[in-house]
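K.L.:
Below you will find the structure I want to go over with you.
Coordinate-derived values only; no laboratory data. Note that the structure is a prediction, hence the values are computed from the model and not measured. Glycine also receives a Cβ, built like all others from the backbone with ideal geometry; neighbour counts cover every protein chain displayed.
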Amino acid sequence: MPERRPFVRLPTDVYPVNYGLRLKPDLVDFTFEGKLEAAVEVTQGTNQIVMNCADIDIITASFVPDGGEEINATGFNYQNEDEKVTLCFPSTLQKGSGSLKIDFVGELNDKMKGFYRSKYSSSGEVRYAAVTQFEATDARRAFPCWDEPAIKATFDITLIVPKDRVALSNMNVVDRKPYAEDQSLVEVKFATTPIMSTYLVAFVIGEYDFVESQSSDGVTVRVYTPVGKAEQGKFALEVATKTLPFYKDYFSVPYPLPKIDLIAIADFAAGAMENWGLVTYRETALLIDPKNSCASSRQWVALVVGHELAHQWFGNLVTMEWWTHLWLNEGFASWIEYLCVDHCFPEYDIWTQFVSADYTRALDLDALDNSHPIEVDVGHPSEVDEIFDAISYSKGASVIRMLHNYIGDEDFRKGMNAYLLKFQHKNASTEDLWECLEQASGKPIAAVMNSWTKQMGFPIIVVDQEQHGSDRVLKISQKKFCASGPRNDEDCPNWMVPISICTSEDPSCTKTKILLDQPETTVNITNVAPDHWIKINPGTVGFYRIQYSSAMLESLLPGIRDLTLLPVDRLGLQNDLFSLARAGMISTVEVLKVMEAFVNEPNYTVWSDLSCNLGVLSSLLSHTDFHEDIQEFIRDLFTPIGMKLGWDSRTGEGHLDALLRGLVLGKLGKAGHKATLEEARRRFREHVEGKQILSADLRSPVYLTVLKHGDSTTLDTMLKLHKQADMQEEKNRIERVLGAIPAPDLIQRVLNFALSEEVRPQDTVSVIGGVAGSSKQGRKAAWKFVKDNWEELHNRYQGGFLISRLIKLTVDGFAIDKMAAEVKSFFESHHAPAAERTVQQCCENILLNAAWLKRDADDIHQYLLQRKTPPV
């Protein structure tokens, strides 16, 4: 690969104060014309202006100094590699204010970045909307600009669009009039924005309906939906109108714009984007149909709305200085979205779900040698896509949750408020936030947090105990936790670890807190009866794994059976043991024994985490000839809870019951539980015949079950349901499970379907991932398919994070050493710049799987066999 020139940020001799921008998109030829008139400051004399510009042709450019003569640019020197253009002038532009005028043309691309086209159908015909996605560095594809987060300016935007289309931007419309040169067009002018970064600018032109409300603090909130689906915007509208006042109150800073729009975009690479005042979403992250949306979709929409609205303050009002601080933006929003959903929907028990969805996911990734610190130096913008990962989001959120717990809510809010007021309309760095929180709390925030954000990985806390009279003495030590097992590193890093400790006397109350900043320490806990247990990290808040002495672990296990341990702690205990087994520090059989203790478990999230780990184990054992034995283990473990829940919801059940039923039935069906399979087939038939439509919460488990044990007729029926589905949520639901079909020729059909016109580009990844995750055959077929179609897939997602996701989903499940070498060599000759780290992580995971299998397969087999043979 060619050596990259060292990346240089834009020169500071000319900077923008205001962008006057007029854009006229052509929705037929997919081009646009633009006029930029920017008020700029020249800080020192220069005869050139360097800006960002990509895929744009400049026609003319000139500079008019205030009160002076216009100077026409004599040349435009494009540096395509660096996405820059240098405008050359025949004479020196003197220090002072002036106006930069540029006429340009560009393309409405189909790459889901910059100013792009999105396809939808309206009364049977295909149409296109023009929409934007600028983060991180794609505003430069819509207009020449200073496309760096710290170069903030105000924006006056005018759009010239067909008069029968909706036109939206960050601000409210202040004028709409016929366009003089063409009666079929209108000119829509928007109010001046506050001072803001280019990556948050947005505009949308298309056909939409909307629902509208006002938040209690007077902000107009609208949710824009595809035409005819306004009803599906009501849930998000309700969440948004509750959320704005919640954040206003939490930060003690009002929302700074007069309106906020949330809009569903048909083709959209991410989940959503927090453009100031005009938040864009995938349809599935915003639309909820009261009849056809399942509980998990409602929860997903609530979280995404909470996340994007948090950014209106944290990110938009105060913006990171450079992409190095992206984690702070995303980690913070990923933490506070849970706080917000917990406020709006306490019945979701969302903080327990955080541990399973974010915290454990981050621990798994961060235990790899190919992880990275939360704070990564970002030079060239192409490196930004690489850090939109579980470390920035999930580990970021987890350490902020730990920090919030360490500081306490009151001081945390005080510090947040000081930070937002001090840096509003400006840019800040991670250190600035630590300083504000330190002043508010009087605690050594920077010192503590630097150990979590500047070094990669996390500690394993090793605990042993002795009883002295009525006191318990704990010996606590820390060392780096590695997915491949303990290392004897002399220069092992240390963390500053906030550690809380509780006892069985009151499992929900912390008895002692310490800040462990040494390799080891002892802690004396008074008045603990010899038969009481001690638990480290109650609430599973500290970002570390724990290894208890066997006696301490033994004393905790009854707390799983009799449910005296809190759900989040039952989950954390099991998850720690599972990761210790994967790292070879304990035997996997030990974990299977602990898993059997969960037979009385009532909590959805605990089952969800358990189920996820059993899925990992089942995938690992698909490389052996006793895969059926682990299926039997799964059936035995899930049958009692399945029997208890049954198929139909009962009165008085809530959100979490619906989630649990779907999870359990899907697990039993996939594992081939006979009664579940028969009932699923019966209900599927009735659903297809229109006799008894399946409730939204049962569709995924039923679809998965019938496909897993289905044939070509089943697949045909599912593809027909996919074609008929009017809702993106239903299409996605089907796309995710199609890969479960077992026959090799049908697997091939599903893979070909993934690249067909029937599947939206952003969803191709989940169809291929579904094939790879379903079976040993599927994994091989998906990998071959990705290799055979690499050119097309790579072009489709150029450099975006979807390519990383595709690679991870396809190859992470392999467990043979030689596959790691094959994956590595494929990507050495097929370059995927935004996915280099992902490829390294996947190769490491494959080698870890292979080692795990070699180490534990025989023991697991023996254990599963002796479970079946009754004792003599």
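K.L.:
Local charge sum around residue 777 (other residues, Cβ-Cβ under 13 Å, Lys/Arg +1, Asp/Glu -1)?
P.N.:
+4
K.L.:
May I ask you to list the aspartates and glutamates whose Cα is less than 16 Å away from that of residue 818, ignoring any residue fewer than eight positions away on the same chain?
P.N.:
Candidates past the 8-residue exclusion: 828, 844.
K.L.:
Here's another thing I want to ask about it. Could you compute the net charge surrounding residue 843? Neighbours are other residues with a C-beta less than 13 Å from the C-beta of residue 843; K and R count +1, D and E count -1.
P.N.:
-3
K.L.:
Could you tell me how far the Cα centroid of segment 500-564 sits from the Cα centroid of segment 833-872, in Å?
P.N.:
Segment 833-872 and segment 500-564 have Cα centres spaced 29 Å from each other.
K.L.:
Relative contact order (percent) for segment 420-500, with alpha-carbon contacts under 8 angstrom and 6 or more residues of separation?
P.N.:
25 percent.
K.L.:
Under 8 Å for C-alpha pairs, at least 6 residues apart: give me the relative contact order for segment 170-328, rounded to a whole percent.
P.N.:
Computed over segment 170-328, the figure is 20 percent.
K.L.:
Also: For the chain, what is the relative contact order in percent, using Cα pairs closer than 8 Å and at least 6 residues apart in sequence? Display every interim value, and only then the final one.
P.N.:
Working: 1701 pairs, mean separation 64.3, N = 872.
In percent, rounded to a whole number, it is 7.
K.L.:
Which loop GluC sites (Glu not before Pro) in segment 2-87, with loop taken from DSSP, have no more than 11 other Cβ atoms within 10 angstrom of their Cβ? Before the final figure, lay out the partial values.
P.N.:
Working: sites: 3, 33, 37, 41, 69, 70, 81, 83; in loops: 3, 69, 70, 83.
Answer by residue number: 3, 69, 70.
K.L.:
Could you sort out which of 291/723; 395/787; 708/776; 234/259 sit more than 24 Å apart by Cα distance in this structure?
P.N.:
Over 24 Å Cα-Cα: 395/787.
K.L.:
Can you give the net charge of the other residues whose Cβ lies under 15 Å from the Cβ of residue 241, counting K and R as +1 and D and E as -1?
P.N.:
-1
K.L.:
Using alpha-carbon positions, what is the distance between the centroids of segment 221-263 and segment 278-353, in Å?
P.N.:
12 Å
K.L.:
Reachable aspartates and glutamates from residue 113, Cα under 13 Å, same-chain residues fewer than 8 places away excluded?
P.N.:
By straight Cα distance, residue 113 reaches 55, 135, 138, 267, 385.
K.L.:
Going by Cα centres, segment 436-467 and segment 37-72 are how many Å apart?
P.N.:
Value for the Cα centre distance between the two parts: 49 Å.
K.L.:
Which values of log₁₀ I(q)/I(0), to two decimal places, follow from the Debye formula for segment 652-789 at q = 0.10, 0.17, 0.20 Å⁻¹ with a uniform point scatterer at every Cα?
P.N.:
-0.31, -0.90, -1.22
K.L.:
In segment 147-238, what GluC sites (Glu not before Pro) fall in a loop by DSSP, with at most 13 other Cβ atoms inside 10 Å?
P.N.:
Loop-located and lightly packed - 181.
K.L.:
Cα to Cα, under 19 Å, and not fewer than 8 places away if on the same chain: which aspartates and glutamates meet these conditions relative to residue 443?
P.N.:
Partners found: 409, 410, 411, 431, 432, 435, 517.
K.L.:
List the residues whose amide H sits under 5 Å from the amide H of residue 79, counting only those 5 or more places along or on another chain, with H placed 1.01 Å from N in the peptide plane.
P.N.:
Counting only residues 5 or more places away or on other chains, the set is 84, 85, 86.
K.L.:
Stretched out fully, how many nm does the piece from residue 175 to residue 858 gain, at 0.36 nm a residue minus the Cα gap?
P.N.:
238.5 nm
K.L.:
Continuing with the same structure: Would you calculate a helix-derived [θ] at 222 nm for the chain, using -39,500 (n - 2.57) for each DSSP H run of n ≥ 4 and dividing by the full residue count, to the nearest 500?
P.N.:
Using -39500 (n - 2.57) per qualifying helix, the result is -13000 deg cm²/dmol.
K.L.:
If you keep only loop residues by DSSP, which trypsin sites (Lys or Arg not before Pro) in segment 566-640 have at most 12 other Cβ atoms within 10 Å of their Cβ? Please list the in-between numbers first.
P.N.:
Details: sites: 570, 582, 593, 635; in loops: none.
Loop-located and lightly packed - none at all.
K.L.:
Right, next: Give the calculated FRET efficiency between residue 216 and residue 780 to the nearest 0.05, with a Förster radius of 41 Å applied to their Cβ-Cβ distance.
P.N.:
Efficiency for this residue pair is about 0.15.
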